[in-house]
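Just so it is clear, none of the values below were taken in a lab; they were calculated from the coordinates. In this text the structure is predicted, and so the values were computed from the model without any measurement. Here the Cβ is made from the backbone with ideal geometry for all residues, glycine too, and neighbour counts use every protein chain on show.
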Amino acid sequence: MTQQTESTTPAQTQNKSSGRNRTTRHHMIAFGLIAAFVVIAPQFLYPVFVMKLLCFALFAMAFNLMLGFGGLLSFGHAAFFGGAAYAAGHAAKVWGWPPELAIAFAVLVGAAMGAAFGFVAIKSRGIYFAMITLAFAQMVYFYALQSPVTGGEDGLQSIPRNSLFGLVDLSSDGAFYWLVAVIFMIGILFVYRVIHSPFGEVLKGIRENEQRMISLGYQVQRYKLVTFIISAALSGLAGGTKALVFHLASLVDVHWTMSGEVVLMTLIGGMGTIFGPIIGAGVIVAMQNYLADLGSLVLIVQGLVFIVCVLTFREGIIGVLAKWLKTRL
Amino acid sequence: MTHTIEHTGPGAPAAQSDTMLEVSGLNGWYGESHVLHDINLRVGSGEVVTLLGRNGAGKTTTLKAIMGLLKTRSGSIRFQGHEVIDTPARSIAKMGVGYVPDDRGIFGSLSVLENLLLPPKVAEGGFDLPDIYELFPNLQERLDSYGNKLSGGEQQMLSIARILRTGARFVLMDEPTEGLAPVIIHQIGHTVRRLKKAGFTILLVEQNFHFARELADRHYIVQEGRIIDEFRNDEVTENLDKIQGYLGI
Amino acid sequence: MFELLGIPPQALFGQVLLGLINGSFYAVLSLGLAVIFGLLNIINFAHGALYMMGAFVAWMLLTYLGIPFWAALVVSPMIVGGIGMVIERTMLRPLHDLDHLYSLLLTFGLTLVITGLFQNFYGVSGKPYPIPAVLTGVVNLGFMFLPIYRAFIIVMAVIVCFATWFLIEKTRLGSYLRAATENPEMVSAFGINVPLLVTLTYGFGVALAAFAGVLAAPVYSVNPVMGNDIIIVVFAVIVIGGMGSIMGAIIGGFGLGVVEGLTKVFYPEASTTIIFIIMALVLLLKPSGIFGREV
């Protein structure tokens, strides 16, 4: 599923360095806007709502690393998100770990699951890859449904946030918000770094033309696996943080509808764009929030948005914006 | 919508006035690249006409465009007086055009008999199975084999045979001799000659000039997506050097 | 009677039979997916939702119109199959030339809409559907009591699987389908209407899902989420059997149902995950699935 192809005609090559500076400037502006939003948002929005948004934005960015830059559609990312949520919840609730360690543990669990699933799934492509990741995630779901560790149908409730480094009390939403904000900013800067590193360039090369990269001697499978693990670890970061925000890790987090939601966020925002998933997460989280009273209508609206996006709006919000601004976002 | 074909009957001589196919100003594209440029050609009823040219000259693409299999095309293709430039392949087939593609188009997961029976009849007067078995005895012995188990020659015969069943009287044949042993080429040449005698009209793509020369009434030379020259078969001898130059032989 | 590893034969046979019943649903559902995948190259994510719709349409036919089970067994798949054909024409066709993952996403969206619609009108609690009178009761097999309706499910599934196999492998229409799966362009050059064939195939695959839904109505409660979890298991079944393989779907469906049943006897904790574990193993050893062509 490639969205953007970088074609280089001679004229473009001439302008490339100035174009790159321009793109970088656009990215700096975007980061400025995001940082400003993160700082100001709690003034006029509920902190829990903003925290939810940030967690899902991070989750969608992690997912997009796989789809938009690795060209692989995973339909099982809920496993990493939800699995890590249980891990963080268990660490905080049963072991009494402070939030930074609980979340770090969640990241590790996400990465480990990513390594295990990726080892099997990465050899396949396209629809096969989607099906296989979906099936693995369902395995995790069934495990969570039955296991006493995850609390079955009830999930893990009343997960405490404990004190940061054992010192700073974070039980109020206002205080916890800043931890989430810092995690989010670090997360998106990390993703940005990965995309613009030599590693990210190889990934884009694989997405555009896998055969060529193989013939150039790149270990394509290994690159994909590493991407999968990074993506899973970041999803774990999002899921673990989310568990502490809501004091809850439940079956909803590991169900395949969650995997679908993150696909939708990425699709609406713009696959293969850097900032699209953040916008997409914002749209979906806001929509769920405002339609929450309508019950099953949320599902219908979400499904319709999905259908309309696939049929008529495959570039997504940021994809269209980037085209309009003649830049890459 | 089925068109019945007014065929000229077996053994009818090639009447120049009776046009089966007339292509004029045909242009074609593969995606962005313009591959056919203003192709003009005419095939009279009962004629065998070849498109000669080197590899990649655009012969196969021309056949595909006529068959309606090239997605982007413009200009005019008139078949028995009907404009078919915008007609989908399936409707062109129903007008009585048979297609024998360069890869032979045999379905590997179907048996020989299934392959043979696959194309629906488009007109009365097609060969029935005994006729086909008489023409291609090898096929009868292999009816239950799967398509992907056949030799190249058997595949080629099957590819021709299944078209004969349909009653189509105009056959587009794409390099039927490619990669085959001389004895098989001989058999295919014999078949084409019999079809001609039976009044079939054939547009044949060939790289094998000697094969073409023995069968065809006229030849078009295709180069870089254009028709660059045209000869009647009786003009071939005097233009031999020129033609061999075109074909690089 | 004998005992096997300390398991009484009643329990063993009972679970094998239960496994066969689950396997019947797996087989019919994965068969529909395989037929669709073969020609359209897409995974119909909405298959579970359409299975649910099949059950609901049967329930609606009975509740609102008094149309009995036997008629519903035919009418419901026809209605749902018709809806499927509309879906194919209006939504899947425009995506045909794009990456097939878009079709997967589209059918995922459809799943949400269909599930949401039924939840909206009927809530999440189940609707009861009575077993038809002739099929009530049990027979004593000696080692266990077998409810007649359960036996009926197995018989119907076997018949439908055989009929579908016959249709595809032994009829002219089936040869069109197989040929178009291999080389659609060539088939259209013979004058066959391939787009129509695609629409009919999708409708047929969807009708199979609805048929499974009607069969399920009397044994499972008819509810909007009944297709949600079974469909993921079925995805695993077709990965194991080999995507697009008719035999893989049928044998894989029944076989894995039995394996699941046996797991319930010997190691119940793994019974819900055993199929996914087998899937992982199959993928490591033969990525194209047991009956699949090499990819």
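Quick notes on this one:
- Computed across region B:86-172, the Kirkwood hydrodynamic radius from all distinct Cα-Cα pairs reaches 13.0 Å.
- Dimensions (Å) - region B:19-247, Cα atoms, principal axes, largest first: 45, 38, 32
- Proximal lysines to residue A:52, defined as alpha-carbon separation beneath 18 angstrom and excluding residues fewer than eight positions away on the same chain: A:242
- Across A:226, A:50, A:182, mean-square fluctuation computed from a Gaussian network of chain A (C-alpha pairs under 10 Å connected) peaks at A:182.
- Note: relative contact order over region A:47-325, using C-alpha pairs below 8 Å and six or more positions apart, is 36 percent.
- Rel. contact order, % - alpha carbon contacts under 8 angstrom, at least six apart, chain B: 28
- Likely footprinting exposure, A:55, A:309, fewest C-beta neighbours within 10 Å first: A:309, A:55
- Here the protein assembly as shown yields Rg over Rh of 1.04, to two decimals, using C-alpha coordinates and the Kirkwood radius.
- Each principal axis of the Cα cloud of region B:126-244 was taken in turn, and the coordinate range along them, longest first, works out to 47, 28, 25 Å.
- Order of A:136, C:276, A:105 - criterion: other Cβ atoms within 10 Å of each residue's Cβ, fewest first: A:105, A:136, C:276
- Pairs spanning more than 21 Å between alpha-carbon atoms, out of B:71/B:149; A:204/A:323; B:149/C:170; B:59/B:149: B:71/B:149; B:59/B:149.
- Ellipticity estimate at 222 nm from DSSP helix runs (n ≥ 4, -39,500 (n - 2.57)) divided over chain A, nearest 500: -24000 deg cm²/dmol
- Furthest towards positive pole of dipole, A:184, A:269, A:96, structure part region A:47-325, Cβ charges: A:269
- Spatial separation of Cα centroids for region A:285-303 and region B:212-246, in angstrom: 71
- Taking only the Cα atoms of region A:47-325, the ratio Rg/Rh comes out at 0.96, with Rh defined as the Kirkwood radius.
- Gap separating the Cα centres of region B:160-199 and region A:245-265, nearest whole Å: 63
- Dimensions (Å) - chain C, Cα atoms, principal axes, largest first: 64, 51, 34
- Computed over region C:45-195: relative contact order in percent, which uses C-alpha pairs under 8 Å that are six or more apart: 15
- The ranking of A:124, B:145, A:171 from fewest to most other beta carbons within 10 Å of each one's beta carbon is A:171, B:145, A:124.
- Computed as a quarter of the hull surface, the mean projected area of the alpha carbon convex hull for region C:181-233 stands at 5.1 nm².
- For region A:35-177, Kirkwood radius (reciprocal of mean inverse C-alpha pair distance, Å): 16.7
- Entry note, chain C: the mean residue ellipticity at 222 nm calculated from DSSP H runs of n ≥ 4, each adding -39500 (n - 2.57), is -23000 deg cm²/dmol after division by the residues and rounding to the nearest 500.
- Gaussian network model of chain A, Cα within-10 Å springs - most flexible of A:119, A:165, A:81: A:165
- Here the Gaussian network model covers chain C, with springs between Cα atoms less than 10 Å apart; of C:70, C:59, C:165, C:70 fluctuates the most.
- Radius 14 Å from Cβ of residue A:183, net charge of other residues (Lys, Arg +1; Asp, Glu -1): +2
- Neighbouring partner chain Cβ atoms per residue of C:89-102, average, 10 Å criterion: 3
- Inter-label distance, nm, simple model (7 Å from Cα along the C-beta direction), residue C:74/residue B:18: 5.1
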